[in-house]
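The values are calculated or read from the model by the stated rules, or taken from the named source; none is laboratory data. Keep in mind it's a predicted model, so treat the numbers as computed, not measured. Note: ideal-geometry Cβ built from the backbone for every residue, glycine included; neighbour counts use all protein chains shown. Accessible surface areas use protein heavy atoms only, side chains included; no ligands, DNA or RNA. Shrake-Rupley method; radii C 1.70, N 1.55, O 1.52, S 1.80 Å.
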Amino acid sequence: MLIYALTVLVSSFLLFLVQPIIAKQIVPWFGGSAAVWTTCLTFFQLTLLAGYAYSDWVQRFRPKAQSILHALLLVISLAALPILAGTHWKPLGEEDPLFRILGLLTVTIGLPYFMLSTTGPLIQSWFAREQNDPVVAQRAYRLFALSNFGSLLGLLAYPFAIEAWVTTATQAWVWSGFYVVFVVLTVGVAFRCLKTRFSLSAVDPSAETALGSETAAAPRLFDYMLWFVLASLATMLLLAVSSHVTQNIASIPFLWVLPLSLYLLTFVVAFEGRQGRGWYIRETMLLPAMVLAGFMAWGLVTDDGILAIDYAIPLYLLGLFVVCLFCHGELAQSKPQARFLTRFYFVVALGGAAGGLFVSMLAPRIFPFYWELPLALVAVGLIGCWVGYKNGFGPVRFVFVLGSLASVLVSVHFGRAYYTDASFDSVYASRNFYGTLRIKERRYSGADEPVRRLVHGVILHGLQDMNPDRRRSATTYYGPSSGVGLAILEKAKKSPSIRVGVIGLGVGTLAVYGRSGDYYRMYEINPEVISVAQNEFTYVKDSAANVSFALGDARLVLEREKNNQFDVLVIDAFSSDSIPIHLMTREALAVYASHLKPDGVIAFHVTNRYLNLAPVVQAIALESGYDLALVSDEPTGDTHGLMALSDWVLVTKDRTFLAARSIVAQQLQIERIENLKPWSDDFNNLFQVLK
């Protein structure tokens, strides 16, 4: 079994290692959005489905034909190496990012990933058909557990052993080298099979053989439906929980990788064990899965939808693990004889792809809010009801069904509350690739006009008092005493007209500082935000300055533009608490500097609940010969909550600007972080800046 196990382990390791390697190459091109990772996962699931379909289809051939065809495809796949994304795939700003990402991935890693995805089921099938003992043949399913263990190793190796030490280009080249090793191993197994006596089922699947097929009935339509539903539900939960915790709870290290790692671990637990029976025990896992599903639904609405991180992350990650273990454990309990394993894996992959497509492609187009998580939790309870009724007995059946039904009712109740909270006071809601946008209105006592707020996920992205006498007042993080407000006002004192660039439009608040003769250029990746700022808020309309817009990732747009000679360039492109790392590197600073006047100022918005970003900006600024100041603003006298605490780092080579009384009065010392190196496109470490 050693050669089979080694081949499966290497293939699965590479299969999941390539995901963060290629994602890191392309995430900066698409604004650092969490949706890029979700789209990548969907591509990988679709390719995995294609690989499993191929593995099932090729079983119809004789062993010699299987080996020759597979070896030929493996050799052809080497033409795709190395796996470096072509720069011609960089977006121009107006195309649909989802389909551009899928096309890029198809061309760059499509065939190698396809061949890797075929390895697990195909190698297991070859191993099973080589055996003369049906019990030994069933051990092929243990290779599936080993495959997921290898995938888990590859996934965890990246953030801890690779990302912080190896450049992005080198990662791609080294992975490509190991892929060559994988091809050699798999070709060796293929030709080994030519010399091995296969059981008769390899030639005639309808024949009675020692695989146990003479006593094994073919899977029923209901079996296929069950496999599909369980697999799709687990994948829906994986993607929905990943989106929820990274966009609405915290975008911090490991939260990208940990949900997928736990998902893979449930496969290992479910399919590993003596005689392939796994370690999943229905009697001890069904009710905990139902209880946690109910608590996850509760977490969507408690504390106004912003559950404290100390509780939210353990709840959702533990809930994901237990519920996925329930789904995958039921899959393992219902797996067929080894003769049908490729068909089993194909249906599982089909369900996974369907769940992924629903979350990444369909849900953003039909739901204005993140409805996929509440719906998935309701579905978990319904599946629990069926499993409990079908497999319980006596009082146990009653407890299983009652507990699952309670989970359904709780999920429905809190799902309705989630919708009510999301839509309360909302006058506008939309959702696209970059997330959800809502406009909420609220009138304060005695006010004739409402205060209008733009909310992205659960984070406020700007507000405006719509009263004509007050709607030209800067609010939230952009008031006159904020770092960016001081920077613009100080520059305006010295010149009758200034040029200001703003990366991250929000509701267009900063346009309020514009005077006749000033020029403001707003960079925004989300076209919906531009529409909202122009049509639902009046900061841009009311501005006396000449305001223009640039659609697309700001760094890519700036790379294509000529020198803008900005007096102030504002970096404020945050999606919820997500950090666009590619906008805070030494390479990004060089791009900004090329568009700045010699005495210009770059204002980095570093307000964040979880990450200490000021030292990051300090490191890249000092390395490039800039001076800087951290300006903290705590507005007072705000009775209606129109202002917000803010931290801005002002970077410039103009020391007289930093010596201005208004800047010095609010300047804070930046706390030092041991061994923090300047971030670059190749190297960055979010762990070091956790608060």
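Our summary gives the chain a relative contact order of 13 percent, counting only alpha carbon pairs under 8 angstrom and 6 or more residues apart. Solvent exposure of residue 220, expressed as accessible area, is near 150 Å², computed with a probe of 1.4 Å over the protein chains only. The stretch between residue 65 and residue 683, if pulled fully straight at 0.36 nm per residue, gains 217.9 nm over its current Cα-Cα span. The mean of 1/r over all distinct Cα pairs in the stretch 605-654, once inverted, gives the Kirkwood hydrodynamic radius of 12.2 Å. If you take all other residues with their beta carbon under 9 Å from the beta carbon of residue 678, and give Lys and Arg +1 and Asp and Glu -1, the sum is +1. Here the accessible area of the chain is 61 percent carbon and sulfur, with a 1.4 angstrom probe and all protein chains present.
Cross-linked pairs 541/597; 64/390; 24/335; 494/562: Cα-Cα separations exceed 32 Å for 64/390; 24/335.
With the gyration tensor restricted to C-alpha atoms of the stretch 388-508, the semi-axes of the equivalent ellipsoid amount to 50, 18, 11 Å, longest first. A convex hull fitted around the alpha carbon atoms of the stretch 617-691 yields 128 Å³ per residue. Between 222, 148, 236, the Cα set farthest toward the positive side of the dipole of the chain (charges on each charged residue's Cβ, about the Cα centre) is that of 222. Note that the chain presents 39 Å² accessible area per residue, ligands and nucleic acids not counted, probe 1.4 Å.
Which shape class, rounded, prolate or oblate, goes with the chain when its Cα gyration tensor gives a ≥ b ≥ c as root eigenvalues, a/c under 1.5 marks rounded, and past that a/b bigger than b/c marks prolate? Judged from the Cα gyration tensor, the chain comes out prolate (a/c at least 1.5, a/b above b/c). Distance between the modelled labels on residue 656 and residue 493, one decimal in nanometres: 1.2 nm (7 Å Cα→Cβ projection). Give me D for the stretch 1-71 in µm² s⁻¹, whole number, from Stokes-Einstein with Rh from the Kirkwood sum over alpha-carbon pairs, 37 °C and 0.692 mPa s. My calculation gives 226 µm²/s for D. Taking every alpha-carbon pair under 8 Å whose residues sit at least 6 apart, the stretch 582-677 reaches a relative contact order of 33 percent. With R₀ set to 51 Å, the beta-carbon distance separating residue 516 from residue 291 gives a calculated FRET efficiency near 0.20.
The calculated FRET efficiency for residue 441 paired with residue 217, based on their beta-carbon distance and R0 = 56 Å, is about 0.35. Please grab the % of Cα pairs in the stretch 52-107 that end up more than 15 Å from each other. So the pairs more than 15 Å apart make up 64 percent of the total in the stretch 52-107.
Sort the stretch 425-486 into rounded, prolate or oblate with this rule: let a ≥ b ≥ c be the square roots of the eigenvalues of the Cα gyration tensor; rounded if a/c is under 1.5, and if a/c is not under 1.5, prolate when a/b is larger than b/c, oblate otherwise. In terms of gyration-tensor shape, oblate.
Extension gain, residue 560 to residue 667: 0.36 nm times the residue separation minus the Cα-Cα distance gives 35.0 nm. Within the same chain, lysines fewer than 8 places from residue 691 are excluded, and of the rest, those with a Cα less than 19 Å from its Cα are 677. Remark: spin-label model distance residue 428-residue 534 equals 1.2 nm, labels positioned 7 Å along the Cα→Cβ axis. Residue by residue, the stretch 427-436 carries 3J(HN,Hα) couplings of 10, 7, 8, 8, 8, 8, 3, 8, x, 9 Hz when phi is fed to the Karplus relation 6.51 cos²θ - 1.76 cosθ + 1.60 (θ = phi - 60°); x denotes Gly or Pro. Straightening the chain between residue 690 and residue 365 buys 113.6 nm, computed as 0.36 nm per residue apart minus the Cα-Cα spacing. Taking a ≥ b ≥ c as the square roots of the eigenvalues of the alpha carbon gyration tensor, the stretch 531-676 is rounded, as a/c is under 1.5. Accessible-area rank, largest first, for 525, 366, 3, 439: 366, 3, 525, 439, with all protein chains present and a 1.4 angstrom probe.
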